[in-house]
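Everything below concerns the one structure shown next.
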Amino acid sequence: DAMVIQNPRYQVTQFGKPVTLSCSQTLNHNVMYWYQQKSSQAPKLLFHYYDKDFNNEADTPDNFQSRRPNTSFCFLDIRSPGLGDAAMYLCATSRRGSTNNEQFFGPGTRLTVL
Amino acid sequence: AQSVTQLDSHVSVSEGTPVLLRCNYSSSYSPSLFWYVQHPNKGLQLLLKYTSAATLVKGINGFEAEFKKSETSFHLTKPSAHMSDAAEYFCVVSDRSGGGADGLTFGKGTHLIIQP
C-alpha cells in the first residue's frame with residue numbers, strides 16, 4: 001500500500017543535542033509538510049516543500065530546518081532542541097494540482113527532550 | 001484568509017447513541033473541508049472530505065458530514081457511537097485558491113468520549 005512512513009516513532013534527545021526526524025513516502029506526491037503538534041493542541045505547520053522549493057512558515061523558529069534530497073524523503077532537523085520542542089512531529093504529503101489539497105499523514109514521531 | 005471553529009472541546013456520549021461534532025468555517029474562496037481523527041499517539045486519519053460535489057458526504061466507520069454553505073457549517077455525525085470512536089477529531093479547511101500547496105487550517109479539536 002502507498003503510504004507515509006516516519007522514523008523513528010519515538011525519539012529521545014538531550015537538551016541542546018541535534019536531532020533528525022525522517023519521513024518517506026511511496027505516494028509520489030510533490031508536496032511534503034512538517035507539522036508540530038503539542039499535547040492537546042492542533043497540528044501547527046512548520047514548513048513544506050513543493051518539489052525542491054522550500055516554504056517556511058513565518059513563525060517557525062530558526063532552530064528548525066528541513067531537507068528534501070529527493071521526492072521520496074524529507075528530514076526535519078532540530079539544531080538545538082529545547083524543552084519546549086517536545087512534541088509529536090507529523091509528516092504529510094499531497095499532490096499539488098489536486099482539487100482539494102487532501103493531505104496524507106504519517107503516524108508521527110514523538111520527541112522527548114531531557 | 002480561512003479559519004475553523006470547533007464549537008466543543010469535549011463531547012461525551014453513551015455507546016449506541018448518536019454523535020454530533022460541530023464545526024464552523026470561514027473561507028474567502030470555495031473551500032475544501034475535511035474531518036480527521038487521531039487516536040492516542042497515532043497520526044491523523046482522514047474520515048471524510050467535501051470538495052464541492054455532494055453536500056452530504058459519507059466517510060469511513062459510519063461517519064458522515066453535511067456541508068451547509070448558508071450556515072458555514074460542516075458538522076460531523078454518526079448514528080450510533082462505538083467505543084472505538086473515542087479519539088480526537090479535527091475539522092480542517094483548505095483554501096483551494098492557492099492551488100493546493102499550502103498547509104491546512106485546523107480547528108482546535110474535539111475530544112470524543114464514549115461512555116459504556
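Using the alpha-carbon centroid of each, what span in Å lies between the range A:5-79 and the range B:1-40?
After rounding, the separation between the Cα centres reads 26 Å.
What is the extension gain from A:N63 to A:S22, computed as 0.36 nm multiplied by their sequence separation minus the C-alpha to C-alpha distance, in nm to one decimal?
Here the segment from A:N63 to A:S22 would lengthen by 13.1 nm.
Mind listing which chymotrypsin sites (Phe, Trp or Tyr not before Pro) in the range B:1-50 are in a DSSP loop and have 13 or fewer other Cβ atoms within 10 Å? Spell out each step's value before the answer.
Working: sites: B:Y25, B:Y29, B:F34, B:W35, B:Y36, B:Y50; in loops: B:Y29.
For chymotrypsin sites (Phe, Trp or Tyr not before Pro) across the range B:1-50 that sit outside H, G, I, E and B with at most 13 neighbouring Cβ atoms in 10 Å, the list reads B:Y29.
Based on the Cβ-Cβ distance of B:K69 and A:I5, what FRET efficiency does E = 1/(1 + (r/R0)^6) give at R0 = 41 Å, to the nearest 0.05? Working shown, then result.
Numbers: r = 38 Å, r/R0 = 0.92.
Result of the calculation: an efficiency of 0.65.
Can you work out the Karplus-derived ³J(HN,Hα) for every residue in the range B:79-86? Use 6.51 cos²θ - 1.76 cosθ + 1.60 with θ = phi - 60°, whole Hz, and x for glycine or proline.
Each residue of the range B:79-86 in turn: x, 9, 6, 10, 3, 6, 7, 4 Hz.
So what does log10 I(q)/I(0) come out to for chain B at q = 0.13 Å⁻¹, using the Debye formula with one equal point on every Cα and no solvent?
Values, matching the q order: -0.46.
Do any trypsin sites (Lys or Arg not before Pro) in the range B:1-58 lie in a DSSP loop with no more than 15 other beta carbon atoms within 10 Å, and if so, which?
Working: sites: B:R22, B:K42, B:K49, B:K58; in loops: B:R22, B:K42.
Qualifying residues, ordered by number: B:K42.
When the chain is fully extended, how far beyond the present Cα-Cα distance does B:K58 get from B:Y29, taking 0.36 nm per residue of separation?
Once the chain is fully extended between B:K58 and B:Y29, it gains 8.1 nm.
With an 8 Å cut-off on Cα pairs and a minimum separation of 6 or more residues, tell me the relative contact order of chain A in percent.
On the way: 272 pairs, mean separation 43.0, N = 114.
Relative contact order comes out at 38 percent.
Around B:N41, with a cut-off of 14 angstrom between Cβ atoms, what is the net charge of the other residues, counting Lys and Arg +1 and Asp and Glu -1?
+3
Quick note: the coordinates plus some simple rules give every number you see, no bench work behind them. Here the structure is a predicted model, which is why all the values come from computation and not from measurement. Note: ideal-geometry Cβ built from the backbone for every residue, glycine included; neighbour counts use all protein chains shown.
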